[in-house]
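Q: Okay, here's the structure, questions in a sec.
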Amino acid sequence: MIQSRRNFLKTAAIATIGTGLAVSNPVKLFSQNKKTSPGSGKMKLSFKPFDLQLRHVFTVAANSRTFTPLVLVEIEYDGVIGYGEASMPPYIGETQESVMAFLKKVDIGQFSSPFLLDDILTYIDNITANNSAAKASIDIALHDLVGKLMGQPWYKIWGYNPAKAPSTTYTIGIDTADVVRKKTEEVNGLYNILKVKLGRDNDKEMIETIRKVTDVPILADANQGWKDKHLALEMAYWLKERGVVMIEQPFTKTDMENTAWLTERSPLPIYADEAFQRLNDVSKFKGVFTGVNIKLQKCTGMREARKILDTARALNMGVMIGCMVESGCAVTAAAHLSPMMDFADLDGPLLSANDPFKGITYEKGMIVIPDKPGIGVEKIK
Ligand code: MG
């Protein structure tokens, strides 16, 4: 494809020079000549629901579940397919039905080329105010498609060093001391950093149980479960003494006052997760949180995730990349940003039992981004 485009440009340039005209902008010339331009086909969007089964019942502060509903998306153009995915854990407020209703409204065939990423994704974003997971599914599929057409993986297009991809955290959900000990023993030695769900009434027991098995660093995710700022500050000191390196979403997502109070005094950085969704939240959170947890399903995909990364850095804020319980498709898409992150919580594929994609892998707990065009996933089911 790239070769044929180059050949075309060369031929077009020669033809124009033959007429005595100077060629100052061959790309413009290329786009004006629609008849002979390669890739003049139409983009086609298709999608289907899929239930991603979990290996273990997953419990966080608010609920437990055994599977996560997904919608898998494909965008086809000139025989090349880009893969995308929407994932809907309960708190995101979307369902397979709402995502598919959104996708039915999308008229992607109106765009002449998938390379018009900005035009297409602005159009998608303007269809409704919410539906961030549905929007992310299109964004991911489009990035996959465009990367494939360019013959390059996104971390290369963006210029990120894959050797800087961090270790992923591995998540231990809330449970009895016995189950937590068993789960920790199961993964002991496999991961360099754990993420522990807190926010019920057994926070100290959770940490003490894990510390009997391993001394790897821990991210503590309270999932909005803490209520009292003084207890939270006390807990932050207690956690720091036990090798916890960061606290995620201590209070309910609308509680900016207590969060800012805690962030100012806490010996550990405080990151926003449920409170944080999109690019325009970043500047609002300066001084309230230390950093933000970027998830493609919340922020509408890779394009906005990269803007969030740059904006947060410009504001001297921390950034991490996280995932929902997702298949290898969306998690691999997120992995392309991971070399630029302070933390990466990309364990989705490790938690599921029927992943339809192969992409991201892990070597001694470190993220390995596939070196294949697009997002680099392979459909295996
Ligand atoms: Mg979280």
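Q: Take the residues in segment 359-377 that are out of contact with any helix residue (DSSP H, G or I) (no Cβ under 7 Å at 6 or more places or on another chain) and more than 14 Å from Val80 (Cβ to Cβ); name whichever of them is least open to solvent (accessible area, probe 1.4 Å).
A: Gly365
Q: Among the listed residues Val80, Val106, Val73, which satisfies the condition of being among the hydrophobic types (A, V, I, L, M, F, W, C) and touching a Ser or Thr at 6+ places or on another chain (Cβ under 8 Å)? Before you say what the answer is, go through the steps one by one.
A: On the way: Val80 fails: touching a Ser or Thr at 6+ places or on another chain (Cβ under 8 Å); Val106 fails: touching a Ser or Thr at 6+ places or on another chain (Cβ under 8 Å).
So the residue among Val80, Val106, Val73 that is among the hydrophobic types (A, V, I, L, M, F, W, C) and touching a Ser or Thr at 6+ places or on another chain (Cβ under 8 Å) is Val73.
Q: Given (1) farther than 30 Å from Asp125 by Cβ; (2) under 27 Å from the mean Cα position of the chain (by Cα), identify the lone condition not met by Lys286.
A: (1)
Q: Determine which single condition Tyr91 fails, assuming it passes every other condition in (1) exposed (fewer than 12 other Cβ atoms within 10 Å of the Cβ); (2) modelled with pLDDT of 70 or more.
A: It fails just one condition, (1).
Q: Helices (runs of 4 or more DSSP H) wholly in segment 152-246 with at least 1 residues that are within 16 Å of the ligand (Cβ to nearest atom), over 19 Å from Asn293 (Cα atoms) and touching a helix residue (DSSP H, G or I) at 6+ places or on another chain (Cβ under 8 Å) - which ones?
A: 203-211, 229-241
Q: Ok, one more. Go through the residues of segment 85-94 one by one and say whether even a single one is among the aromatic types (Phe, Trp, Tyr) and farther than 26 Å from Lys42 by Cα.
A: Scanning segment 85-94 turns up at least one residue that is among the aromatic types (Phe, Trp, Tyr) and farther than 26 Å from Lys42 by Cα.
Q: Could you grab the pairs with beta carbons closer than 8 Å, sequence gap of 6+ or different chains, first residue in segment 243-262 and more than 15 Å from Gln277 (Cβ to Cβ), second one in a strand (DSSP E or B) and open to solvent by 30 Å² or more (accessible area, probe 1.4 Å)?
A: Close Cβ pairs satisfying both conditions: Met246/Phe343.
Table: residues versus (1) surrounded by fewer than 13 Cβ atoms within 10 Å (Cβ to Cβ); (2) in contact (Cβ under 8 Å) with a residue 24 or more places away in the chain; (3) within 21 Å of Ile367 (Cα to Cα).
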site	(1), (2), (3)
Thr171	no, yes, yes
Asp178	yes, no, no
Thr184	no, yes, yes
Val187	no, no, yes
Leu194	no, yes, yes
Ala220	no, yes, yes
Gln224	no, yes, no
Lys227	no, yes, no
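Q: Take the conditions touching a residue at least 12 places away in the same chain (Cβ under 8 Å) and in contact with a helix residue (DSSP H, G or I) (Cβ under 7 Å, 6 or more places away or on another chain) and apply them to Lys148. Does it pass?
A: no
Q: Give Thr36, Thr19 a once-over and let me know the one that is loosely packed, with under 12 Cβ neighbours inside 10 Å, in contact with a helix residue (DSSP H, G or I) (Cβ under 7 Å, 6 or more places away or on another chain), among the polar types (S, T, N, Q) and at pLDDT below 50.
A: Checking each option against the conditions leaves just Thr36.
Q: From the list Ala222, Ala275, Ala260, pick out the single residue that is assigned by TED's automatic domain parsing to the domain that holds Val319 and out of contact with any Gly (no Cβ under 7 Å at 6 or more places or on another chain).
A: Only one candidate passes the filter, namely Ala275.
The values are calculated or read from the model by the stated rules, or taken from the named source; none is laboratory data. In this text the structure is predicted, and so the values were computed from the model without any measurement. Here the Cβ is made from the backbone with ideal geometry for all residues, glycine too, and neighbour counts use every protein chain on show. Accessible surface areas use protein heavy atoms only, side chains included; no ligands, DNA or RNA. Shrake-Rupley method; radii C 1.70, N 1.55, O 1.52, S 1.80 Å.
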